[in-house]
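*Asks:* First the structure, which I've put down as structure tokens, then a few questions once you've had a look.
The values are calculated or read from the model by the stated rules, or taken from the named source; none is laboratory data. What you are looking at is a predicted structure, and each value in this text was computed from that prediction instead of being measured. Positions of Cβ are backbone-derived with ideal geometry, glycine not excepted, and every protein chain shown enters the neighbour counts. The area values use the complete protein model at the heavy-atom level, side chains included, leaving out ligands, DNA and RNA. Shrake-Rupley method; radii C 1.70, N 1.55, O 1.52, S 1.80 Å.
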Amino acid sequence: GKGQLRVEPGNEKAFGHATSKDLKTWQHHPRILEAVPGTWEGMVVSAPSVIQHDGTYYMFYTGFDDRVPGKQTIGLATSQDLFDWKRHPGNPVYEVPEWAERRPDGWIDCRDSHVLKYGDEFLLFTMVTHKEGKGAIALASSKNLIDWKDLGPAVVTFKEPDSPSVFELQGIFYMFISSAYGKQLLCAANPKTGPWEEIPFR
């Protein structure tokens, strides 16, 4: 497409793939995980988050359903080499929690997951919209990266807090969220229980 909107023809229909040995020069490879018409990921595939565990790479990504425009869920694909990816047969593996909004027209915000290993389990942070209409980052936990337990909202914040990114630095966990409606940087000593406190950008 001419712009970056997902609704434009050709946009967000697969994931680009490139490799580098110096993080400066990149070799492009064939795209992976193309959208599959008539399915939960028929309109758009977007926002991959990859983690390695026991020799396998796990990619969590958003699928937009082309049968119910705006319905979003989270799927899983695995790889041994980062080139050949296999979709999980039980996809999607994560759907919007009960406390989140489901619009009458079928639109459901549930996208941009970020996966983090914490102790002996994994945490999944996902952008959703609360039933109250506020934006939120949903939190779920898993022992096997397939079966996810809802832990409620990690953060309730501005509208459409897209692309949560969570990482640890010197024993403190940080979360970046942003959209056209705002941006936040938060921190917590425990990413599972919180509380997440806003800190200023510097």
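*Asks:* Please give the per residue accessible area of segment 8-83, computed with a probe of 1.4 Å over protein heavy atoms only, in Å².
*Replies:* 53
*Asks:* While we're looking at this one, here's another question. Roughly speaking, what % of Cα-Cα pairs in the chain are separated by over 25 Å, rounded to a whole number?
*Replies:* Beyond 25 Å sits 38 percent of the P(r) for the chain.
*Asks:* Would you check segment 1-122 for Lys pairs whose C-alpha atoms are within less than 30 Å, ignoring same-chain pairs closer than 8 in sequence, and give me the count?
*Replies:* Eligible lysine pairs with Cα atoms under 30 Å apart amount to 15.
*Asks:* Could I ask something else about it? Give the whole-number value, in cubic angstrom per residue, of the convex hull volume spanned by the C-alpha atoms of segment 76-181.
*Replies:* Value for segment 76-181: 141 Å³ per residue.
*Asks:* Given a Förster distance of 25 Å, report the FRET efficiency between K21 and T56 from their Cβ-Cβ distance, rounded to the nearest 0.05.
*Replies:* 0.60
*Asks:* At a probe size of 1.4 Å, how large is the accessible area of D147, to the nearest 10 Å²?
*Replies:* Ignoring ligands and nucleic acids, D147 comes out at about 100 Å².
*Asks:* Enter the accessible area per residue of segment 133-193 (Å², integer; probe 1.4 Å; all protein chains in place).
*Replies:* Here the per-residue accessible area is 48 Å².
*Asks:* In what sequence, largest accessible area first, do R6, R111 appear using a 1.4 Å probe?
*Replies:* R6, R111
*Asks:* Another question, if that's okay. Between the alpha-carbon centers of segment 113-167 and segment 59-95, tell me the distance in whole angstrom.
*Replies:* So the two Cα centres are separated by 16 Å.
*Asks:* If you don't mind, another one. Could you give each residue of segment 14-29 its phi-based ³J(HN,Hα) in whole Hz, using Karplus coefficients 6.51, -1.76, 1.60 with θ = phi - 60°, and x for Gly or Pro?
*Replies:* Karplus-based 3J(HN,Hα) across segment 14-29 equals 6, 9, x, 9, 8, 10, 8, 9, 10, 6, 10, 9, 10, 9, 8, 10 Hz.
*Asks:* Under a Cβ-only charge scheme (Lys and Arg +1, Asp and Glu -1), can you give me the dipole magnitude of the chain about the Cα centre, in debye to the nearest 20?
*Replies:* 340
*Asks:* Let me ask something else. Quantify how much of the Cα-Cα distance distribution of segment 133-175 extends past 15 Å, in percent.
*Replies:* Of all Cα-Cα distances in segment 133-175, 56 percent exceed 15 Å.
*Asks:* What residues qualify as long-range amide H neighbours of V44, i.e. H under 5 Å apart, gap of 5 or more or another chain, H built at 1.01 Å from N?
*Replies:* F64
*Asks:* Which three numbers, in whole Å and largest first, are the semi-axes of the equivalent ellipsoid of segment 1-115 derived from its Cα gyration tensor as √(5λ)?
*Replies:* 26, 18, 12
*Asks:* Carbon-plus-sulfur fraction of the accessible area of the chain, 1.4 Å probe, in percent?
*Replies:* That fraction is 52 percent.
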